[in-house]
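So the structure is just underneath, and the comments pick up after that.
The numbers here are math on the coordinates, done by the rules we state, and not lab data. All figures in this text were calculated on a predicted structure; none of them were measured in a lab. Here the Cβ is made from the backbone with ideal geometry for all residues, glycine too, and neighbour counts use every protein chain on show.
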Amino acid sequence: MANERFFKIYKQGVVSVTEIWIDKETGVNYLYHEDGYSGGLTPLLDRYGKPVVSNPSEWENK
């Protein structure tokens, strides 16, 4: 779908999966981790504790 708000930029693993998603409206990066029947989503933070925000020019064509 062309108007989806989030898109995946990174994936690692098969059974234990780690992914990074970007919110197209805010540019905020999210870390998603899934292991078995459980999973979680959290904003990806830099070393100062602030959310990682991608520049729109990096992902506007996705």
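Does the chain come out rounded, prolate or oblate, given a ≥ b ≥ c as the square roots of the eigenvalues of its C-alpha gyration tensor, rounded meaning a/c under 1.5 and, failing that, prolate meaning a/b above b/c? Could you put the intermediate results ahead of the total?
Numbers: a/c = 2.26, a/b = 1.32, b/c = 1.72.
Judged from the Cα gyration tensor, the chain comes out oblate (a/c at least 1.5, b/c at or above a/b).
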- Per DSSP H run of at least 4 residues, take -39500 (n - 2.57); add these up for the chain, divide by its residues and hand me the 222 nm value, nearest 500 deg cm²/dmol. -1000 deg cm²/dmol
- Message: Please list, ordered by chain and number, the residues whose modelled amide H lies under 5 Å from the amide H of Leu44; skip anything fewer than 5 residues away on the same chain.
- Response: Asn29, Tyr30, Leu31, Val52
- Length released on extending from Glu34 to Phe7, taking residue separation times 0.36 nm less the Cα-Cα span: 8.1 nm
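Quick one: if the Förster radius is 30 Å, what FRET efficiency do Val15 and Arg47 give, using the C-beta to C-beta distance and rounding to 0.05?
0.50
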- Can you tell me the order of 40-47, 17-24 when each peptide is scored by its average per-residue count of other Cβ atoms within 10 angstrom, highest first? 17-24, 40-47
- Task: Please find, in a Gaussian network model of the chain (springs between Cα atoms separated by less than 10 Å), the residue of Gly27, Gly13, Gly49 whose mean-square fluctuation is greatest.
- Result: Gly49
- Query: Top mean-square fluctuation among Val15, Val52, Val28, Gaussian network model of the chain, C-alpha springs under 10 Å?
  - Reply: Val15
- Item | Cα-based reach from Lys8 at 17 Å (exclusive), listing aspartates and glutamates while leaving out same-chain residues under 8 positions away | Glu19, Asp23, Glu25, Glu34, Glu58, Glu60
